[in-house]
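Please read the structure below before turning to the comments.
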């Protein structure tokens, strides 16, 4: 897999570290609006080419995949342009701003028999797969609670009157889109589609959600998902069952270990060899691409579509509107 990356933020550096640790994957090009912004990453990771025009990179015949890690609201346009040029795509979470955009990308990928992945770490983590295998040990699940609170390194600038992309409705930012989406993927991949979803945020005057509580309602279970970009906390997740519980002592973006507790005692598990969460999803994507397994890719896309529909319902419930909605 030869990849061209769009973006130069911290997630791209983590992505490039993961690429460097995996055989048969190479990042051969970077797109940065300013060459000087892309040069540090290019030199550190040996990326051959830096493009300052995205179309030039999208037309590079040497690239199999485009990795989209631009601000949220730009995901759709870059992914669409890449697919129209016959490129496979890995698009960072949140996949798009709206359900309509998600459905359009999925349709393009399927019509053109291209691989299209959402870069969401949670559902590709080895520990997450193992959690699913141990669910039967805690009996019927009645409640899931998960928390991902992370004081944004951009929040101080925002409080002082700046407008970083992550706190700008124009760029589809906020706690729901950036952090609570991990909790949503976790719950939906475990329990399926809920009957209803509610979201109660703490809104800034510009309409962006700084933090919030999302609840997923199932016929016989309830999920509570908390996320914040304006406070710090000890993050964790718990799956409560009639016979015991599963405890994850970290945010579900990493699931770096977990405990299964029931009448037989407590057992701790961890089968992940690295804390680079993007490594694990890339291993899965490489395997699917190498085997030409489009049906498996499209099963993940069906999941992505379901999550995006719920994400949009949560935003609607909270009255959070993005320009992409109009």
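The table below lists the values:
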| item | result |
| --- | --- |
| Anisotropy class of the range 1-116 from Cα gyration tensor, a/c 1.5 cut | prolate |
| Relative contact order computed over the chain (Cα-Cα under 8 Å; 6+ residues apart), in percent | 19 |
| Efficiency of FRET from Cβ geometry, residue 316 and residue 17, R₀ 41 Å, rounded to 0.05 | 0.65 |
| Sequence-separation-based contact order of the range 153-243, relative, with Cα cut under 8 Å and 6+ spacing, percent | 24 |
| Fluctuation leader among 85, 49, 267 - the chain, Gaussian network, Cα springs under 10 angstrom | 267 |
| 0 to 90° range, to nearest 10: angle between helix 181-191 axis and the chain longest Cα axis | 50 |
| Relative contact order %, the range 2-117, counting alpha carbon pairs below 8 Å whose residues are six or more apart | 23 |
| Extension gain from residue 153 to residue 325, taking 0.36 nm per residue of separation minus the Cα-Cα distance | 59.2 nm |
| CD proxy at 222 nm, helix term only [per DSSP H run n ≥ 4: -39500 (n - 2.57); per residue of the chain; nearest 500] | -11000 deg cm²/dmol |
| Efficiency of FRET between residue 55 and residue 206 - r from beta-carbon atoms, R0 51 angstrom, step 0.05 | 0.95 |
| Angle between the chain longest axis and helix 99-111 axis [Cα atoms, degrees, rounded to 10] | 60 |
| The chain - share of DSSP beta bridges that are antiparallel (%, nearest 5) | 55 |
| Residue order, fewest to most surrounding Cβ atoms within 10 angstrom, among 25, 144 | 25, 144 |
| Using a Förster distance of 30 Å, the FRET efficiency for residue 267-residue 217 (Cβ separation, nearest 0.05) | 0.45 |
| Neighbour-count order for 214, 1, fewest beta carbons within 10 angstrom listed first | 1, 214 |
| Among 204, 240, 280, residue whose mean-square fluctuation peaks in a GNM of the chain (springs only between Cα atoms under 10 Å) | 204 |
| Label point 7 Å beyond Cα of residue 198 along Cβ direction - residues of the range 215-257 with amide nitrogen under 11 Å | 215-217 |
| Linear extension gain, residue 129 paired with residue 160, 0.36 nm per residue minus alpha-carbon span | 6.9 nm |
| Cα gyration tensor, the range 85-128 - rounded (a/c under 1.5), prolate or oblate | oblate |
| Choice from 263, 187, 79 showing the highest fluctuation, given a GNM over the chain with Cα pairs closer than 10 Å | 263 |
| Helix 10-20 axis, angle to the chain major axis (alpha carbon atoms, nearest 10°) | 80 |
| The range 231-277 versus the range 130-200: alpha-carbon centroid distance in Å | 16 |
| Sorted peptide list for 122-129, 63-70, 189-196, 298-305, criterion being average Cβ within 10 angstrom, highest first | 63-70, 122-129, 298-305, 189-196 |
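No value in this document is a laboratory result; all are computed from the given coordinates. Keep in mind that what you see is a predicted model, and the values were worked out from it rather than measured. Ideal geometry is used to build each Cβ from the backbone, glycine not excepted, and the neighbour counts take in all protein chains shown.
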